[in-house]
Amino acid sequence: MSNPNFLNELVEEASVHTQPLRKRRLGFLFWLCVGWIALNILGAIFANLLPLINPLFQNYNVVNAGPSLHHLLGTDDLGRDIFSRIVFGSRVSIEVSLGAMLIGFGIGAPLGMLAAYRRGTFDAVLSTVMYVFLAFPAIIATIAVLSFWTPRSLLKIIVVVGIAAIPLVYRVIRGATLNFATRDFVVAAKVQGATDRRILMKELLPNVAPIGVSFLLVGIATVVTLEGALAFLGLSVNPPTPSWGNMINESLANLQVNPWLAIFPSAAMCLFLLSLNFIGDRLRSHYDISEIKL
Amino acid sequence: MSDDTLLVVKDLHTTFDTPRGPLAAVGGVSFELGQNETLGIVGESGSGKTVLSRTIMGLQPRKNVEVTGSVRLNGFEVVGASEKEKRTIWGLEVAMVFQDPMTSLNPVLRVGKQIDEILRVRLGMSKADAKARAIELLELVGIPSPTERYRVYPGELSGGMRQRVVIATALAGSPKLLMADEPTTGLDVTIQAQILNLLDGLKTKMQMSVVLVTHDLGVVATRTSRIIVMYAGRIVETGSTRDVFAHHRMPYTRALLEGSPKVSNPSHTRLLAIPGRPPNLLDLPKGCAFAPRCAFATDQCREERPELEAADEPGHTFACWNPLPVTEGVPA
């Protein structure tokens, strides 16, 4: 080694030119899914303004008709337009899922983060309570409560499903936060003089957020199915208000005469769920900076 | 206590309350540290050096720990201060460099933002000023093209670069005391030297004192002015780096020195390992904690605990009943 600095320079050089993260793309399929979800949500919001046939209007001249130019997805046994019922039905699904997740995350996520950060008695008491709630199967509990809490309304469904989601969200967020709260960067922030609130919001939240978002998307999908199951049992919004779930429920009576009645709302729900799951999965792997090289 | 004393530690005890009884991780440590001085704290794993450095910082778990004694940092009493009070000195008076640069940076925040944070929140700088200062700091710690590096994530940097960033964040508040707890343990040997030289240079530039905690005597040999050798939570020998290396009196210090490789040794020289294991802190021997592993131990060593006594050189003390003869000392 004639020049001792040579080695150092080489080492410097190597570490400086560490490749920056390759710009990874989200891909066509991701944007397709986002577009589909956006279309569904916009449709739900602006359903009244769209040139749709009244979803409650019963046209007895065309009963159990297949897809046609006038009725894009056909009509049901009462002559109501399936397409417009699916668009209006998405309102219930989307309102219930977003509302329930708002409650679930609004309460579950802050509690989960706080418990994981503070540990100790606060965590022990809260976690015990949450685990007791988790011990009840959520779907049975929701069915039981909704059966007795009459008259049913959209708000009641949202509240019940939302409360059922709290312990699930709590557990996921607490686990995710715990993983980061014990790392040195939290101590490092602390000895820089950061307050607890600052550590939670600025240091831990950005780490937990990607996990939270993908769980949120999975959660929305789960609630959509849950609402479907409730509607199927007649525990969701009252007919004739359409929802994807009660459309599938009503279709069963005419399954042999008109299978379209079951296929179209099922397909609408299926595509919605699939898109959400795919978006969640893609986002998680895309924004998982933390696990790339650490 | 002279005017330029920055840190005074007096009879510091850190005791953990464990299910199997009290565990004295730090058992009565006293020392002083002057301005612009570098102090090395050396000891085996489990000798209490990390707990000592965290206690000086005022970082303890919320419960099951009892701290007595006094840590006076530039006039601020750390022991017994609330978190809120300690937040006034953290970052601005004292900062810390951690052992593992992989976990001491937030993986999802850009490097620059992590330095900005303290500048904006604690020093009240504007966004633009903070950014300019952060880039300056990155340059100061030897990160090439700092303007570009300001925007990268920690995952895009190598271990040595990350440790430089950690140092930059620690320096952001211009602290008077920098605690470096094994700052090079997680790094390659070539990078270790770079980081240590960097710390050395920054000490002069930033006018601060440094406490270097390590198990590696090679790390402290040329970069510290004084060394504290710890064993089982106590100081067993302390003095100027020169004295500790050349005129050590405590057999444990010698054992540590003989356990480190030296370039002057002929090749294939066996390193001397210290027989036995560090003592169980829950069940310390009655006398000298090192006695069970010491070749010179006598009945007195096993029965009575030696206190620190002065050696011939000023500022050099050791705790041993049967010190090594003065003349015996391997020059470093």
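No value in this document is a laboratory result; all are computed from the given coordinates. All values reported here derive from a predicted model rather than from experimental measurement. Cβ coordinates were reconstructed from backbone atoms using ideal geometry, including for glycine residues, and neighbour counts include every protein chain displayed.
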_Where a label projected 7 Å from the Cα of A:Arg198 along Cα→Cβ would reach, residues of segment B:141-174 with amide N under 19 Å_ = B:166-174
*For segment B:146-269, give the magnitude of the charge dipole about the Cα centre (Cβ charges: +1 Lys/Arg, -1 Asp/Glu; no others), in debye to the nearest 20.*
340
*With a point put 7 Å past each Cα toward its Cβ, work out how far A:Leu78 is from A:Leu98 in nm, to one decimal.*
2.7
*Tell me, rounded to the nearest percent, the portion of alpha carbon pairs in the protein assembly as shown spaced more than 37 Å apart.*
52
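Among residues other than A:Asn246 whose Cβ falls under 11 Å from its Cβ, what is the net charge (Lys/Arg +1, Asp/Glu -1)?
Numbers: positive: A:Arg85; negative: A:Glu227, A:Glu250.
Local charge sum for A:Asn246: -1.
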_Within straight-line cross-link reach of B:Lys131, lysines at Cα separation under 16 Å, skipping those fewer than 8 residues along the same chain_ = B:Lys113
*Which value at 222 nm does chain B reach when only helices count, each DSSP H run of 4 or more adding -39,500 (n - 2.57), with the total divided by all residues and rounded to the nearest 500 deg cm²/dmol?*
-8500 deg cm²/dmol
*Taking θ as phi - 60°, what are the ³J(HN,Hα) couplings along segment B:295-300 by the Karplus curve (6.51, -1.76, 1.60), each to the nearest whole Hz, with x for Gly and Pro?*
6, 9, 4, 10, 4, 4
*Taking 7 Å along the Cα-to-C-beta vector as the label spot, tell me the A:Leu32-A:Val132 distance in nanometres, rounded to one decimal.*
4.9
*asked:* Across chain B, what fraction of all alpha-carbon pairs, as a whole percent, falls in each successive 10 Å bin from zero upward?
replied: 5, 24, 32, 24, 11, 3, 0
*What nm value, rounded to one decimal, do you get for the distance between B:Asn265 and B:Ala128 when each label is placed 7 Å out toward the C-beta?*
5.9
*Under a 5 Å amide H to amide H cut-off, with H placed in plane at 1.01 Å, what residues pair with B:Val65 once short-range neighbours are removed?*
B:Asp17
_Just checking the output field for B:126-139: average partner chain Cβ neighbours within 10 Å of each residue's Cβ?_
0
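Using only alpha carbon pairs under 8 Å that are at least six residues apart, calculate the relative contact order of chain B and give it in whole percent. List each step's numbers first, then the result.
Values: 626 pairs, mean separation 65.5, N = 332.
Dividing the mean separation by the residue count of chain B yields 20 percent.
Need one word for chain A: rounded, prolate or oblate. Basis is the Cα gyration tensor (sqrt eigenvalues a ≥ b ≥ c); a/c below 1.5 gives rounded, then a/b vs b/c decides. Don't jump to the answer; show the numbers that get you there.
Details: a/c = 3.61, a/b = 1.77, b/c = 2.04.
Verdict is oblate for chain A.
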_Given charges at beta-carbon only (K, R positive; D, E negative), |dipole| of the protein assembly as shown in Debye_ = 1280
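With a Förster radius of 25 Å, plug the Cβ-Cβ distance of A:Val125 and A:Ala209 into 1/(1 + (r/R0)^6) and report the FRET value to the nearest 0.05. Intermediate values should be presented prior to the final figure.
Values: r = 26 Å, r/R0 = 1.04.
Rounded to the nearest 0.05, the efficiency is 0.45.
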*Within a Gaussian network of chain B (alpha carbon springs, distance under 10 Å), most fluctuating of B:Ile274, B:Ile167, B:Ile135*: B:Ile274
*So what does log10 I(q)/I(0) come out to for segment B:1-50 at q = 0.13, 0.25 Å⁻¹, using the Debye formula with one equal point on every Cα and no solvent?*
-0.42, -1.01
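Net charge around A:Pro206, counting only other residues with Cβ within less than 11 Å of its Cβ (Lys, Arg = +1; Asp, Glu = -1)?
+2
Please identify the DSSP H helices in chain A that span no less than 18 Å along the helix axis (Cα) and have a mean Kyte-Doolittle hydropathy of -1.0 or more.
Working: long enough: A:4-16 (19 Å, 0.05); A:28-45 (25 Å, 2.14); A:82-118 (52 Å, 1.19); A:120-135 (22 Å, 1.49); A:154-181 (38 Å, 1.71); A:205-232 (39 Å, 1.72); A:260-286 (38 Å, 0.94).
Helices meeting the span and hydropathy rule in chain A are A:4-16, A:28-45, A:82-118, A:120-135, A:154-181, A:205-232, A:260-286.
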_Dipole of the protein assembly as shown [Lys/Arg +1, Asp/Glu -1 at C-beta], most positive-end residue of B:Pro323, B:Pro19, A:Ser243_ = A:Ser243
*Using θ = phi - 60° and the Karplus relation 6.51 cos²θ - 1.76 cosθ + 1.60, list the HN-Hα couplings for segment B:72-77 in order, rounded to whole Hz, with x at every Gly or Pro.*
10, 10, 6, x, 9, 7
*Nearest 0.05, what FRET efficiency do A:Ser147 and A:Leu42 give at R0 = 30 Å with Cβ-Cβ as r?*
0.30
*Looking only at other chains, what is the average number of their beta-carbon atoms within 10 angstrom of each beta-carbon in B:183-190?*
1
*Net charge dipole size for segment A:73-288 [Lys, Arg +1 and Asp, Glu -1 on Cβ; Debye, nearest 20]*: 740
*Positive-end residue, segment A:73-288 charge dipole about Cα centroid, Cβ charges, pick of A:Ala138, A:Thr182, A:Leu261*: A:Thr182
*Of A:Ala44, A:Ser97, B:Ala221, whose Cα points farthest to the positive end of the dipole of the protein assembly as shown (charges on the beta-carbon: +1 Lys, Arg; -1 Asp, Glu; origin at the Cα centre)?*
A:Ala44
*Just from its helices, what would the mean residue ellipticity at 222 nm be for chain A, if runs of 4 or more DSSP H residues each count -39500 (n - 2.57) and the sum is divided by every residue, rounded to the nearest 500 deg cm²/dmol?*
-23000 deg cm²/dmol
